[in-house]
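Engineer: Sending over a structure as structure tokens; questions will come in a sec.
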Amino acid sequence: MITHRESITINRPAEEVAEYVFDPSTMPQWSAIVQEVEPFRSRPRTAWRTGDRLRSNVNLLGARVAMAGEVEEYDANNRRAVLRVTPARGNGTTIRNEVIVEDLDGSSVLHFVTHVELSKPLAERITNRFIIRKLDQTARYGLSNIKEILEEGQEQTMADLARAVSEEAPPAERYGEDK
């Protein structure tokens, strides 16, 4: 198993950071790889709950991959959540994302801890060093975007721009089978 940790200080109250980060609809705004997220259930939500299930489309190394996720733990009082995601086609790979928002006297420290367990065939083809480098890039990008959005009120992020470009692609390319 590979574990990666990354943190950033955000000059916003912990409650505000938690409200933003734990709202699944914001993920495409700040994530480097999440293109869209939708709950399996149709009930409206503004925050995760333990047992919630999500579907998402992510861009992994240039390929569009459908993912299925479940909130394994959510503790609103301690501003902590654990989301387990797997490829929808189930190749044995599991990613557990732990998100913690720590109060820092009016500011916050946002922690991302990612645990990746690769399927054996995938682990034989990809080195741990490569995965750690990609996790590092993805986490830093996401944390920096969250900081920028919350501190500076930036609505337009690089993820928004990437989505706008992908929306110009023909529908067959946007919504085709996973590659």
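Since every read-out is calculated from the coordinates, none of them should be taken as a lab result. Quick caveat: nothing in here was measured; it's all calculated off a predicted structure. Cβ atoms come from the backbone with ideal geometry, glycine included; neighbour counts cover every protein chain shown.
Engineer: Based on the Cβ-Cβ distance from A68 to E148, what FRET efficiency comes out when R0 is 25 Å, to the nearest 0.05? Don't skip to the end; give the middle numbers.
Structural biologist: Details: r = 29 Å, r/R0 = 1.17.
Computed FRET efficiency for A68 and E148 comes out at 0.30.
Engineer: Let me ask something else. Work out how much length A76 to E15 would gain on full extension: take 0.36 nm times their residue separation and subtract the Cα-Cα distance, in nm to one decimal.
Structural biologist: Numbers: separation 61, 0.36 × 61 = 21.96 nm, distance 0.95 nm.
Working it through step by step, the gained length comes to 21.0 nm.
Engineer: What's the ranking of 140-151, 3-14 by average number of surrounding C-beta atoms within 10 Å, highest first?
Structural biologist: On the way: 140-151: 18.7, 3-14: 16.1.
Sorting 140-151, 3-14 by mean packing, highest first, produces 140-151, 3-14.
Engineer: Once fully extended, how much extra length lies between E38 and S25, figured as 0.36 nm per residue of separation less the alpha-carbon to alpha-carbon distance? Write out the running numbers ahead of the final one.
Structural biologist: Values: separation 13, 0.36 × 13 = 4.68 nm, distance 0.76 nm.
Computed gain between E38 and S25 is 3.9 nm.
Engineer: For T3 and N59, calculate 0.36 nm times their separation in residues minus their Cα-Cα distance, and state this gained length in nm to one decimal. Provide the component values of the computation, followed by the final result.
Structural biologist: Working: separation 56, 0.36 × 56 = 20.16 nm, distance 2.04 nm.
The T3-N59 span can extend by a further 18.1 nm.
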